């Protein structure tokens with residue numbers, strides 16, 4: 001493996017070690033999204049049992065999770081740039097797994113909201129530390145593909161959440177779905193703790209909290225990243241991607257149950273297969289496109305990414321209006337494809353733009369804005385539009401959710417603009433100025 005990875009490493013990981021760590025982190029992010037997304041398939045039965053509005057569903061699925069998921073990512077990233085990253089990831093998995101199980105024990109909206117806050121607290125630590133580890137285990141010429149493989153776990157986790165959650169709801173209840181989703185994380189946390197090595201060498205937690213002579217502050221990180229316009233175009237695109245994808249996904253179950261009257265087991269399988277096929281192929285293909293095209297013509301992949309988001313707009317409009325559920329689910333697959341296709345080239349470029357001491361922080365700042373604004377308010381936007389259209393009339397709830405999903409799809413046009421602009425900056429050599 002190339003020694004270009006990072007001058008901060010005490011040892012250069014072998015290809016075998018790198019592939020093992022990537023496989024473990026693949027499982028970690030898969031569980032991350034399993035526990036995060038299972039609520040989307042059980043949202044409708046929760047709404048019925050607790051008598052919630054669509055806006056409350058949006059608060060429960062989005063803002064409750066995003067509040068601490070995003071804000072805690074910054075201090076955790078500072079720690080990840082100095083301490084044992086696999087320890088951070090293992091602790092994070094344990095926290096979010098337990099809190100996922102507690103979601104199933106909630107008896108009212110407030111309890112469920114707080115349990116979801118706990119899931120967000122746990123998951124806040126995983127992303128920055130995992131991205132930083134991958135950047136150290138893989139050299140620049142393999143990094144986009146590695147990020148693409150890592151990103152492919154996202155739709156797989158969503159598939160398990162949707163297909164498994166739908167079957168469990170239909171055969172048991174929504175509370176059981178949360179409990180079963182949380183259990184595997186405890187085992188994986190132990191695997192990460194004991195088997196994933198820190199290539200920077202061992203640093204005690206006490207030493208990690210001590211001020212270092214060359215320690216970079218948040219202000220310094222923002223100053224460094226603030227001079228790189230490409231990074232901020234990617235951040236803005238990330239906000240919009242999370243806004244649309246989480247806003248849509250939060251109401252997957254509600255959309256198809258209300259419009260087509262489909263059972264949860266069948267719905268979960270259909271949606272799960274769509275998310276798995278479209279999402280995993282998007283993440284894998286995006287990583288390959290990034291490594292292949294950007295090597296000789298920097299930024300070409302960003303132009304292709306912009307095109308996929310533009311194509312997602314008419315596909316979503318068609319999906320909420322066709323009369324056939326199978327065709328509708330397939331059309332929504334374009335949105336899912338776009339929301340994972342960008343992953344490898346996007347995060348590979350972010351790691352390239354960041355300095356060695358800013359890698360985890362660059363991801364944390366990205367997640368702070370993308371998560372707090374996008375993830376936090378996307379579901380609320382769809383829920384609010386749905387409530388407005390339906391006006392509280394149960395007979396109009398299907399029209400309301402159609403309108404909410406169609407309205408949020410328009411933001412993909414804005415997303416495409418930022419990827420196009422970032423591509424121009426990269427192509428003209430202005431990305432790091």
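Coordinate-derived values only; no laboratory data. Because the structure is predicted, anything quoted here is derived from the model rather than measured. Every residue, glycine among them, receives a Cβ derived from its backbone with ideal geometry; neighbour counts consider all protein chains shown.
Working note: Debye formula, equal point scatterers on the alpha-carbon atoms of the range 364-431, no solvent; log10 I(q)/I(0) at q = 0.13, 0.17, 0.20 Å⁻¹ is -0.53, -0.73, -0.86.
Hey, what's the Kirkwood Rh for the range 153-196 if you take every pair of different alpha carbons, in angstrom? Intermediate results must be reported in sequence, preceding the final value.
Numbers: mean 1/r = 0.0868 Å⁻¹.
Evaluated on the range 153-196, it is 11.5 Å.
For the range 66-108, the spread of Cα coordinates along the three principal axes comes to 40, 20, 8 Å, biggest extent given first. Mean-square fluctuations from a GNM of the chain, with a 10 angstrom spring cutoff on Cα atoms, peak among 303, 55, 219 at 219. Between the helical axis of 300-319 and the dominant principal axis of the chain, each derived from Cα atoms, what acute angle in degrees is found, rounded to the nearest 10? Rounded to the nearest ten degrees, it is 10.
Angle, helix 229-249 long axis vs. longest principal axis of the chain, Cα atoms, 0 to 90°, nearest 10? Approximately 30 degrees, to the nearest ten. Based on Cα contacts under 8 Å between residues 6+ apart, the chain shows a relative contact order of 28 percent.
The spacing between the range 216-244 and the range 78-140, judged by their C-alpha centroids, is 21 Å. Sorting the segments 266-278, 19-31 by their mean number of nearby beta carbons within 10 angstrom, highest to lowest, gives 266-278, 19-31.
Axis of helix 411-427 versus longest Cα principal axis of the chain: the two differ by about 20°, to the nearest ten degrees. Normalised by 2.2 N^0.38 Å, where N counts its residues, the alpha-carbon radius of gyration of the range 314-400 equals 1.52. Note that the range 9-85, at 25 °C in a medium of 0.890 mPa s, gets a Stokes-Einstein diffusion coefficient of 156 µm²/s from its Kirkwood radius over C-alpha pairs.
Over the range 48-128, the reciprocal of the mean inverse Cα-Cα separation, the Kirkwood hydrodynamic radius, stands at 13.1 Å. When you count the other C-beta atoms within 10 angstrom of each residue and take the mean per peptide, 403-411, 372-380, 35-43, 224-232 line up highest first as 35-43, 372-380, 403-411, 224-232. Sort out for me the Cα centre separation of the range 363-398 from the range 22-46, rounded to whole Å. So the two Cα centres are separated by 19 Å.
Could you give me D for the chain, from Stokes-Einstein at 37 °C and 0.692 mPa s, where the hydrodynamic radius is the Kirkwood radius over C-alpha pairs? Units µm² s⁻¹, please.
Numbers: Rh = 21.5 Å.
The diffusion coefficient I find is 153 µm²/s.
Working note: Cα atoms of the range 214-319, range along each principal axis, descending, whole Å: 58, 34, 25. When all alpha carbon pairs of the range 1-158 are counted in 5 Å bins from zero, the resulting P(r) reads 2, 9, 17, 19, 17, 13, 9, 6, 4, 2, 1, 0 %.
Based on the Stokes-Einstein relation at 25 °C and a viscosity of 0.890 mPa s, and on the Kirkwood radius from alpha carbon pairs, the range 278-347 is assigned a translational diffusion coefficient of 198 µm²/s.
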